[in-house]
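Scroll down for the structure; my scribbles are underneath it.
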Amino acid sequence: MTGKTDFQQTKALDEFLKKEEIERATADASWALKERLAFTPPLCEVFKKPYRTLENVDAYEFHRHPEAKKQLPDIIDNVAQRVVGEDDPGGAVIEGHRKQRNIGIVFSGGPAPGGHNVIAGLFDALTKASENSRVFGFLMGPDGILENNYIEITADIVNAYRNLGGFGMIKTGRTKIDSGEKMQKARKTCLELNLDALVIVGGDDSNTNAAFLAQELYKDGVQVIGVPKTIDGDIQVKDVNGHSICAVSFGFHTAARAFAHNINNLCSDSSSDVKYWHICKVMGRVASHLALEVALQVHPNMTLIGEELADFVDEERIENARAEGTIDYTAYGMTLRQVSRLICDGIVRRAAVGKNYGVIVIPEGLLEFINEIQVFIIKLNTIIADYNATHDTDFNSHFPTLKDKLEYLRQLARMSRENQSFSIWNTRDDDLFNVLPPFFQEGLLTERDSHGNFQFSQMETDRVVMGLVEDYLKRLADRGTYKNGIKVNSYRRTMAEGGLDPDFYGPAIFRNYGAGDDFLLVKESIVSIKTLKQTLVKEGLISKSGEIPTPVETIYKQSVPKFKTQYHFYGYDGRGNDPTWFDCTYTYNLGMTAFSLIANGATGQMAAINNLQKDFRDWAPIGIPIGALMHLEERTGKLALVMERALVDIHSPAFRVFAAKRDKWLAATPGEDCYRRPGPIRYSGESEDARPITLILNDLGGSF
Ligand code: FBP
């Protein structure tokens, strides 16, 4: 009790809150924020000149898909165009720069660190060239274009978001402009706003959209430029001869560094507390680029790379089939069971040297690379898409519970039995599907995104895999092969403290006693107190009615591993992180590149920076023809023309280095783990992490 009235107390608090120190300590704008806003990313050389032209790069060759030629006739012959800095390029180019323009910009898909700097780069370049030009930011992603919902981007708005993560300035969305009706709505908005150009900042699907919009708006004279965004890092462009034109999309480096920093913290905790296996699911809808980069940054004990699992060939099965004169198609690609065995092997090996803890990185898109699951995904994609195309309600609203969905699938299976021409879901599929755990079934039946993609981020990939791991570890424990190694000194001390001779019991209890190893392994036949006693009796160390000596029982109990896990998901946090120096600089120059392409009349091009894998001095802004990157892919159950995604190349130097080092990083040997501290994200200053390690390694080339 203070003896003061409520009124007096409130007044005193009000006075207290007015103190300058309190205002400063609790202000929304932190020092870190102020510093970030004040940072100016360096410019590529070409942007230091007053004007820019475009120079065709004939050295980059592309294979243009016949379907793309048909659907994108006005932009398909575009070639790669390098941006060149000019002091005095002549009238037309100067005019092109100074022209007063209206440019629209939109974010599409998941946020990726650096997006605001694309806007800043575009805004700065545009308003410097012609101060009355205007930039319109479409709100909530492509929906903003369809609904003509936008804000005019001013210097104050840009200045409030420089070098900051997220897409907060204009938000984002996943709507795809994929129908004639939506195209017309988009066209209407562009014409109403009198847009000269539209910049679409997005992933493979959004850049696909950019190409189709460029085609649609070609005759209206509205230029459309794409910008390669996605933390997944799967926009990597090479020409037909393997020349790297765009090494990675923006946002990848920051997300990977954010995940790496946090996962390294887990490595510290795990190797201090020595009782948990930390299971880290890392984003990346399909490709495992983020998982690979995290592995190179942190050296966790195990990292799965989906692309490698898909490439696996079970030689033994092939041989057996060959002997029988048949082909075993199931021998290609790893099964979920085999993946779980691989993880178990690492866990068992580490336990044997006293390390019953560790960190495992599992890529979010792993299941895409597991054959058996892939078949389900494709079939269910088609079933859901067909349902949505022919009914007035969507699949998930009509069948809200798992029971309803399973019943619908059962009906389809019955139909296939009665009518041979209907075969998308047969009774064998139904039987196999019903063996899966309910949460996994639920995951496979979750709503697809608006592009018809399976939403791996909603799927508990890690739990699916680790469920099998836990089951198998139990079996290995029963077989006596999964044991904690006991340090020789610790064994000797425990026995001596109990007044027992270690050498008397050692050979009976351990399979490697006296072999000179640092860790002793209890015999495989000893899997319980009962079997321990049977062994001691058999070896004549105690009588049938005798008691197991307490120190021996203590040692046995220490050898029984308790497998305890903690699950973590690294995705949205890294996606929203403030960008690294690499991404701040990359994106600011991307915005400038987009303007240079527009000022020189380009359309249907993706703004990119060549040589990202090299030192900043070598970075070279470039326009890449999007139409030339298209191929046919299954989407919502049909073949569609889309920009090709890049998967992890398991023959690349980055992957080969990882594969060569992973056994060391498993650290299934006595001694310290090999964890690497990548440190927190920086946005200024040079460091070895100034660009992704994957890019550094791939640039070194090498054939092995
Ligand atoms: P983009 O390809 O749109 O950049 O998004 C990538 C991603 O972050 C994936 O890694 C992840 O699978 C997905 O978005 C998550 O999507 P959502 O935002 O719909 O949860």
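The values are calculated or read from the model by the stated rules, or taken from the named source; none is laboratory data. On a predicted model such as this, the values are computed, not experimentally measured, just so you know. Here Cβ is always computed from backbone atoms with ideal geometry, including for glycine, and neighbour counts include all displayed protein chains. When the accessible area is computed, the model is the full protein with side chains, heavy atoms only, and any ligands, DNA or RNA have been set aside. Shrake-Rupley method; radii C 1.70, N 1.55, O 1.52, S 1.80 Å.
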Margin query: What distance in nm separates the two pseudo spin-label positions at residue 500 and residue 323, each 7 Å out from Cα along the beta-carbon direction?
Written below: 4.6 nm
Note to self: Tell me the per residue accessible area of the chain using a 1.4 Å probe; a whole number in Å² is fine.
What the structure shows: 45 Å²
Next item on the list: Could you name the lysines whose alpha carbon sits less than 26 Å from that of residue 185, not counting residues in the same chain fewer than 8 places away?
Entry: 69, 70, 171, 176, 219, 229, 638
Next item on the list: Using Cα positions and a limit of under 20 Å, work out the aspartates and glutamates in reach of residue 4, with same-chain residues fewer than 8 apart set aside.
Entry: 14, 15
Check: If you count, for each residue, the other Cβ atoms within 10 Å and average over each peptide, how do 413-419, 482-488 line up from highest to lowest?
Finding: 482-488, 413-419
Next item on the list: Enter the accessible area of residue 44 (Å², nearest 10), with the probe set to 1.4 Å and all protein chains included.
Entry: 0 Å²
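How long is the gain from residue 313 to residue 375 if the chain were fully straight, where each residue apart is worth 0.36 nm and the alpha carbon distance is subtracted? Please list the in-between numbers first.
Numbers: separation 62, 0.36 × 62 = 22.32 nm, distance 1.78 nm.
Difference between extended and current length: 20.5 nm.
From the convex hull of the Cα coordinates of the chain, what is the mean projected area in square nanometres?
Details: hull surface 179.4 nm².
Averaged projected hull area, Cα only: 44.8 nm².
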Notebook entry, point to check: Which shape class, rounded, prolate or oblate, goes with the stretch 545-704 when its Cα gyration tensor gives a ≥ b ≥ c as root eigenvalues, a/c under 1.5 marks rounded, and past that a/b bigger than b/c marks prolate?
Noted result: prolate
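Report the FRET efficiency, 1/(1 + (r/R0)^6), for residue 493 and residue 528, where r is their Cβ-Cβ distance and R0 is 22 Å, rounded to 0.05. Can you show the working numbers first?
On the way: r = 25 Å, r/R0 = 1.12.
E between residue 493 and residue 528, to the nearest 0.05, is 0.35.
Work out the FRET efficiency for residue 49 and residue 652 from their Cβ-Cβ distance, taking R0 = 35 Å, and round it to the nearest 0.05.
Working: r = 35 Å, r/R0 = 1.01.
Calculated value: 0.50.
Evaluate E = 1/(1 + (r/R0)^6) for residue 538 and residue 659, where r is the Cβ-Cβ distance and R0 equals 56 Å; express this FRET efficiency to the nearest 0.05. Numbers along the way, then the final one.
Working: r = 45 Å, r/R0 = 0.80.
According to the calculation, E is roughly 0.80.
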Margin query: Can you give me the solvent accessible area of residue 501 with a 1.4 Å probe, rounded to the nearest 10 Å²?
Written below: 80 Å²
Item checked: Accessible heavy-atom area order of 631, 289, highest first, probe of 1.4 Å -> 631, 289
Item checked: Within the stretch 166-197: backbone nitrogen closer than 16 Å to the residue 100 label point (7 Å, Cα to C-beta) -> 193-197
Next item on the list: Note down the nm distance, to one decimal, between modelled labels 7 Å out along Cα→Cβ at residue 690 and at residue 156.
Entry: 3.8 nm
Margin query: Once you place label points 7 Å from the Cα toward the Cβ at residue 56 and residue 618, how far apart are they in nm?
Written below: 2.7 nm
Check: Which of the aspartates and glutamates could be linked to residue 128 by a straight reach, that is with a Cα gap under 20 Å, when you skip same-chain ones fewer than 8 residues away?
Finding: 45, 86, 87, 88, 95, 152, 156, 196
Item checked: Local electrostatic count, residue 655, Cβ distance below 13 Å [Lys/Arg +1, Asp/Glu -1] -> -2
Checklist line | Crossing angle, helix 461-479 versus the chain [Cα axis fit, 0-90 degrees, rounded to tens] | finding: 10 degrees
Checklist line | For peptides 73-80, 395-402, 665-672, 169-176, sequence by mean Cβ density within 10 Å, most packed first | finding: 169-176, 73-80, 665-672, 395-402
Checklist line | Normalised alpha carbon radius of gyration of the stretch 1-147 [divisor 2.2 N^0.38 Å] | finding: 1.77
Check: Of all accessible surface on the stretch 483-559 at a 1.4 Å probe, what whole percent is carbon and sulfur?
Finding: 49 percent
Next item on the list: Provide the three semi-axes, in whole Å and in decreasing order, of the ellipsoid equivalent to the stretch 483-559 as defined by the square roots of 5 times the Cα gyration tensor eigenvalues.
Entry: 18, 14, 11
Note to self: Solvent-accessible area of residue 466, probe 1.4 Å, all protein chains present, reported in Å² to the nearest ten, please.
What the structure shows: 0 Å²
Note to self: Cβ neighbours within 10 Å, averaged per peptide: list 88-98, 561-571 in order, most packed at the top.
What the structure shows: 561-571, 88-98
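Please get the size of the charge dipole for the chain, origin at its Cα centre, with Cβ charges of +1 on Lys and Arg and -1 on Asp and Glu, quoted in debye to the nearest 20.
Values: 80 positive and 94 negative charges, 307 e Å.
About 1480 debye.
In the structure displayed, which of 474/661; 281/562; 355/523; 379/403 lie more than 25 Å apart, Cα to Cα?
On the way: 474/661 29 Å; 281/562 22 Å; 355/523 18 Å; 379/403 19 Å.
Distance filter (> 25 Å) returns 474/661.
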Notebook entry, point to check: For the stretch 224-363, what % of the accessible area comes from carbon and sulfur atoms, probe 1.4 Å?
Noted result: 48 percent
